[in-house]
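The values are calculated or read from the model by the stated rules, or taken from the named source; none is laboratory data. What you are looking at is a predicted structure, and each value in this text was computed from that prediction instead of being measured. Glycine also receives a Cβ, built like all others from the backbone with ideal geometry; neighbour counts cover every protein chain displayed.
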Amino acid sequence: MSTSGTHGPVVVAIDGPAGSGKSSVSKAAAVALEYAFLDTGAAYRSLTWLGLERGIELTDAAAVVELLQTFHYSTEVHGASTIVHVADGGGPPTDVTAAIREPRVTAEVSDIARIPEVRVALNEVFQRLILSTDRPGIVVEGRDITTVVAPDARVRILLTAAEDVRIARRSAELSPDAASTASQLRERDRRDAQVVDFLTAAPGVTTIDSTELDFGQTVQAVVDLVRTTS
């Protein structure tokens, strides 16, 4: 499925490791560009949250795939905020915006993301959402976005930063316990590295290293690249 934006929206695909600022930077860049925004990581987190709520063993591929059959994920963007809803079966949607950022979800989300059947199913959902946007462009962020979800996107970016910087950022975002956050981030990187290479830019992908950049500078770097490329 082509997501190049040649005859449709300009697609900006952004990859990167945990704590690199993918979500916040991508969202801000989308607002600046007046593009739509798709946080694919929130879908994996939402499915993880639902599995935890249902008491499912998240390493049981068959159980997670079965859960996926009744899983409904949606987002609403309000300015710089993204509201995430999950519905299970025919039940009403639940606002899980804050819940999916809890440490218990962060610690388990990689188990969900490593299941091939789940990745295939969610990738198909992401591709449909990309093509259905009514905006002139869409910023899509997550893991393996530039290589699997939207490999022919008009703009492909690997957003990264030094590990100590990523740990500091994630600690401030999720938990005051820096030691625990560092351990979780390293473990997530280790697990995810078994599925996808998210630290090396694929051919045609531009690397933006935000180690020495503040938030505004990182957003501007993304916006400038999009405007220059598209």
- Task: Residue by residue through the range 54-81, note down the ones that are part of a loop (DSSP other than H, G, I, E, B) and touching a strand residue (DSSP E or B) at 6+ places or on another chain (Cβ under 7 Å).
- Result: T70
- Going by the structure shown, is L129 in a helix (DSSP H, G or I) and in contact (Cβ under 8 Å) with a residue 12 or more places away in the chain? yes
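Table: residues versus (1) surrounded by 15 or more Cβ atoms within 10 Å (Cβ to Cβ); (2) modelled with pLDDT of 90 or more; (3) aromatic (F, W, Y).
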residue	(1), (2), (3)
V105	yes, yes, no
S110	yes, no, no
S132	no, no, no
G137	yes, yes, no
- Item | Conditions (1) in a helix (DSSP H, G or I); (2) modelled with pLDDT of 60 or more; number of the one not met by T181 | (2)
- Query: Within the range 20-40, can you find the residues that are in contact with a strand residue (DSSP E or B) (Cβ under 7 Å, 6 or more places away or on another chain) and assigned to a helix (DSSP H, G or I)?
  - Reply: K22, S23, V25, S26, K27, A29, A30, L33, T40
- Item | Search result, residues across the range 82-113 that are of a type in the set (D, E, K, R), without any contact (Cβ under 8 Å) to a residue 60 or more places away in the chain and part of a helix (DSSP H, G or I) | R104
- Within the range 147-159, identify whether any single residue is buried (at least 20 other Cβ atoms within 10 Å of the Cβ), in contact with a Ser or Thr (Cβ under 6 Å, 6 or more places away or on another chain), farther than 21 Å from A30 by Cβ and touching a residue at least 40 places away in the same chain (Cβ under 8 Å), and answer yes or no. no
- Message: Being more than 21 Å from V140 (Cβ to Cβ) and surrounded by 15 or more Cβ atoms within 10 Å (Cβ to Cβ) is the requirement here; does G51 meet it?
- Response: yes
- Note on the structure: Filter the range 191-220 for residues that are among the small types (G, A, S) and over 10 Å from L158 (Cα atoms); the one that is modelled with the highest pLDDT is G216
- Residue satisfying condition, being more than 27 Å from L58 (Cβ to Cβ), more than 17 Å from the chain's Cα centre (by Cα), surrounded by 15 or more Cβ atoms within 10 Å (Cβ to Cβ) and modelled with pLDDT under 90, within set V223, V165: V165
